[in-house]
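Q: One structure is given below, represented as structure tokens, and several questions about it will come after.
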Amino acid sequence: MAKCSVSLWSADLTNLGQAVRDLEGYADYLHIDVSDGHFSPAMLFFPDLVKSLRPLTETPFDVHIMANEPEKFVPQFAEAGADVITIQYEATSDPLAAVSEVQRLGKTPGIALSPETPIDVVEPLLDIVGIVLILGTQIGVKGQDMIPTTYDKIRSLQQLLESRDKGHILIMADGAIRTHTVEKLVDAGADVLVPGSLVFQNKIEEIIPWLHSLERGK
């Protein structure tokens, strides 16, 4: 069964609290992108917003930090109520120290790879991370098409994890999550999808159960 970490970037930002409530019982995680306008072109979400949303739902918060020196922000988001904190690999000079700080604070560490970054860079991190996020589009820009090599990259990551006896680590796919890509992503090995507009432009009670029904090889 594919899990869903629904991206709040695609929600109605004037009524974000209601969007969070509406997803209760449907989303497995709520995906919160953090962007500083430097490493990533957008400017997105901050700790006080996460803290204000935390009482509205029991759904785990999955925070993806796309900012220069992401380790600086880890304590703030941990304190605000994040459950998963994913570090953008290319944004830090010391990925191992960054994910170790997430682990030290009692949160699930994740590492995210941009499309051009090879998967073998995650090998030194496999004893710490619980999630590897594969970006299927260029970072921080909406409306792009899936980079075709994404599916093979996910397959290769799955093979790497299995060969290192790390099959418990979740593979998360983000970017261009659409009706014509999701089945291919799951079949390639994605455990968690990060849909945004796909959820908010459809009926939540119909689209998320359909995404949950997707299984590898079907």
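No value in this document is a laboratory result; all are computed from the given coordinates. Predicted model, so just to flag it, every value in this text is computed and none were measured. Cβ placement follows ideal geometry from the backbone for every residue including glycine, while neighbour counts extend to all protein chains displayed.
Q: Between R216 and S163, what length in nm is gained on full extension when 0.36 nm per residue of separation is reduced by their alpha carbon distance?
A: Gain on stretching R216 to S163: 17.2 nm.
Q: Averaging over every viewing direction, what projected area does the convex hull of the Cα atoms of the chain cover, in nm²?
A: 10.8 nm²
Q: How big is the antiparallel share of DSSP beta bridges in segment 1-117, given as a percent to the nearest 5?
A: Antiparallel bridges make up about 10 percent of those DSSP assigns within segment 1-117.
Q: Something else about it: What does the charge count around H38 come to, taking other residues whose C-beta lies under 14 Å from its C-beta (Lys +1, Arg +1, Asp -1, Glu -1)?
A: -2
Q: Among the aspartates and glutamates, select those whose C-alpha is under 19 Å from the C-alpha of K184, and discard any that sit fewer than 8 residues away in the same chain.
A: Leaving aside aspartates and glutamates fewer than 8 places away in the same chain, those within reach of K184 are D145, D152, D174, E215.
Q: Separate question: Mean residue ellipticity at 222 nm from the helices of the chain, using -39,500 (n - 2.57) per DSSP H segment of n ≥ 4 over the full residue count, to the nearest 500 deg cm²/dmol?
A: -8500 deg cm²/dmol
Q: Still on this structure, please answer the following. Once amide H atoms are built 1.01 Å from N in the peptide plane, which residues 5 or more positions from A42, or in another chain, come under 5 Å H to H?
A: Placed amide hydrogens put G37 under 5 Å from A42.
Q: Per the Cauchy relation, a quarter of the hull surface: what is the mean projected area of the convex hull of the alpha carbons in segment 50-125, in nm²?
A: 5.1 nm²
Q: Ordered by packing density, taken as the mean number of other Cβ atoms within 10 Å over each peptide's residues, highest first, how do 125-132, 83-90, 204-211, 100-107 rank?
A: Order by mean packing, descending: 83-90, 125-132, 100-107, 204-211.
Q: Same structure, new question: Nearest 20 debye, what's the magnitude of the dipole of the chain about its Cα centre given +1 on Lys and Arg Cβ and -1 on Asp and Glu Cβ?
A: 260 debye
Q: Can you say what percent of the DSSP beta bridges in segment 3-213, counting only those with both residues inside, are antiparallel? Round to 5.
A: 5 percent
Q: Which value in Å does the Kirkwood hydrodynamic radius of segment 128-199 take, with 1/r averaged over all unlike C-alpha pairs and then inverted?
A: 12.4 Å
Q: Using a Gaussian network model on the chain with a 10 Å cutoff between Cα atoms, which of K203, K142, K153 fluctuates the most?
A: The residue that fluctuates most here is K203.
Q: Continuing with the same structure: Using Cα centres only, tell me the gap between segment 1-77 and segment 95-157 in whole Å.
A: 17 Å
Q: Between A97, A27, A112, where does the largest GNM mean-square fluctuation fall for the chain, given springs only between Cα atoms within less than 10 Å?
A: A97
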